[in-house]
Amino acid sequence: MSDNVVTGGGDTLVPSGAPAVDIDEPRRGTSWARYTLGKAGGALVSLLMVIVLGFFAFRILPGDPVRSLTHGRRVSVDQLEAIRRELGLDQPLPNQFWRYLTDLLRGDLGYSYTNNEEVSRLILDRMGPTLLLTGTAFAISLALGLWLGQRAAWRRGSLFDRVHTGIALTLWSVPTFWFGLLLLLLFAGTLHWFPTGGMVTAGANLEGLAYVLDVAHHLVLPAITMAAVVYAQYLLVMRASLLEEMTADYLVTARAKGLNEDRVRRVHAVPNALLPTVTLIFLAIGGLISGGVSVETVFSWPGLGYLTFQALSAPDFPVLQGTFVVFSAIVIAMNFIADLVYRVLDPRLRTA
C-alpha cells in the first residue's frame, strides 16, 4: 500500500501522517536581513534618481547665474566669460554633471555663487532653525491631530465631531503661504503681538533665557501656520482607524468586564488604531522639512527653505542642488524607517 495520498487537484502528493497544509495559512515571511536589504536597495535607487533629476531640472530654470551675479554693475563680455569659466559654467553639460557626481561622492556639495561659502557649511548652518521650526510644528500637529481624532471618532456624528472635522478640513485646504500671510497681517501687522519675521530680534544681542524667550516669541506664528495646515491628516487618519476598531469584538469584551468608556478607548481601541498613523507620521516628518519652504519664506525664518528660496532668484545651482539632495534624502530616509517600523508593528508583513 502506498504511503502517499493525493490532495488538491491530484498533482500534489503529501506523505501520510504529515500535517496537512492549510492553503489559507500565510507563507513563511522573508528574513529581516532580506527585507531590510530590499528596502535599502530601493531607497538607494530613489536617491540616485533624485541626484540625476536635481542636476538637470535646475538647469532648465530661466535666468543666467553670471548675469544675476553682475546685475547692476558694468562688466564687459570678456569679464562675463571669465566669471563663467571660473564657475565652470562654460563646460558642456555632461562635463558639469560628471564633476558634480565626483564632487558629491567626496562629500563636496560645491561653492555657493551668491554667498561665497561652501554649500555644505550653509546647509549645516541653516539645518538647526529648520529642525526647530518643523520639530515644533510636528509635535503640535501630532498631539492635536491624534487627540481630536480619537475624540471625534468616539463621538461620531456629534457637534464636536462635525465642528473639529470641518475646521481641520478647511485649514488643510488653505494654501500654507496664504494662511501665513493672514496670521502675519493680523497678529504682527495689526495687533503687534508677534514679530513680523526672522528668528531673533535684530541688534538685541540677547543671551541665556532672554535669547530662548526671544526665539520662542519669533517661533509662534510660523509654527502655528505649519501645524494648522498639517494636523488635519492626523485627525482624519486617527478618526477613520478608530471607527473601524469601534465595532471589534474585543471592545465588547472589555465593556463586559466592567471597564468604563474612557478606559476602553484609551487602553484598548486607540493602541490598535495607531498602526496606520505610524506610517503617516514618518512620511509627514520628511514632508514637513521639505515643505517648509513657503512658511520660512513668508516669515523670513533663516532655515533651509528660505535658503532655497533665495537661491532660486540667482539661480544658485550648487545651493539648489545641495538643498534638493538633502530634502530628498530626508524624505527617502523617513520612508525607509517607516517600512521597518511598520514591519515590526504589523505581524502580517512578517509573513508576507
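The dipole here belongs to the chain: it is taken about the Cα centre, uses +1 on the Cβ of Lys and Arg and -1 on the Cβ of Asp and Glu, and is about 580 debye.
Based on DSSP loop calls and a cut-off of at most 15 other Cβ atoms within 10 Å, the longest stretch of the chain free of exposed GluC sites (Glu not before Pro) is what?
Details: sites that count: Glu117, Glu207.
Result, exposed sites excluded: 208-352.
According to the square roots a ≥ b ≥ c of the eigenvalues of the Cα gyration tensor, what is the shape class of the chain, taking rounded for a/c under 1.5, prolate for a/b larger than b/c otherwise, and oblate for the remainder? Oblate. In a simple Cβ point-charge model (Lys, Arg +1; Asp, Glu -1; nothing else charged), the stretch 31-180 has a dipole of about 700 debye relative to its Cα centre. Among Asp125, Asp103, Asp249, the order of accessible area from largest down is Asp249, Asp125, Asp103, computed with a 1.4 Å probe on protein heavy atoms.
In this simple spin-label model, placing a label point 7 Å from the Cα along the Cα-to-Cβ direction at both Val278 and Arg99 gives a separation of 4.8 nm. Local charge sum around Met127 (other residues, Cβ-Cβ under 15 Å, Lys/Arg +1, Asp/Glu -1)? With Lys, Arg at +1 and Asp, Glu at -1, the neighbours total -2. Prolate is the label for the stretch 96-166, because the ratio a/c of its alpha-carbon gyration tensor axes (a ≥ b ≥ c) is 1.5 or higher and a/b is greater than b/c.
Checking every one of the trypsin sites (Lys or Arg not before Pro) in the stretch 45-143 against DSSP loop status and a limit of 14 other Cβ atoms within 10 Å picks out Arg73, Arg74, Arg106.
Think of the chain as a dipole: +1 on every Lys or Arg Cβ, -1 on every Asp or Glu Cβ, centred on the Cα centre; then among Gly145, Val325, Gly107, Gly145 lies furthest on the positive end. For Val77, neighbours were defined as the other residues whose beta-carbon sits under 14 Å from its Cβ, and their charges (Lys and Arg +1, Asp and Glu -1) total +1.
In the chain, taking the dipole from charged Cβ atoms about the Cα centre, the farthest positive-side position among Thr130, Ala202, Val267 is held by Val267. Between Val77 and Ala216, the distance separating the two model label sites (each 7 Å from Cα on the Cα→Cβ line) works out to 6.2 nm.
A Cα-only calculation for the stretch 193-352 places Rg and Dmax at 21.6, 68 Å.
Averaging the sequence gap over all C-alpha pairs within less than 8 Å and six or more residues apart, then dividing by the number of residues, gives the chain a relative contact order of 27 percent.
The values are calculated or read from the model by the stated rules, or taken from the named source; none is laboratory data. Predicted, not measured: the structure shown is a model, and the values here were computed from it. Note that each Cβ is placed from the backbone with ideal geometry, even for glycine, and that neighbours are counted across all protein chains shown. The area values use the complete protein model at the heavy-atom level, side chains included, leaving out ligands, DNA and RNA. Shrake-Rupley method; radii C 1.70, N 1.55, O 1.52, S 1.80 Å.
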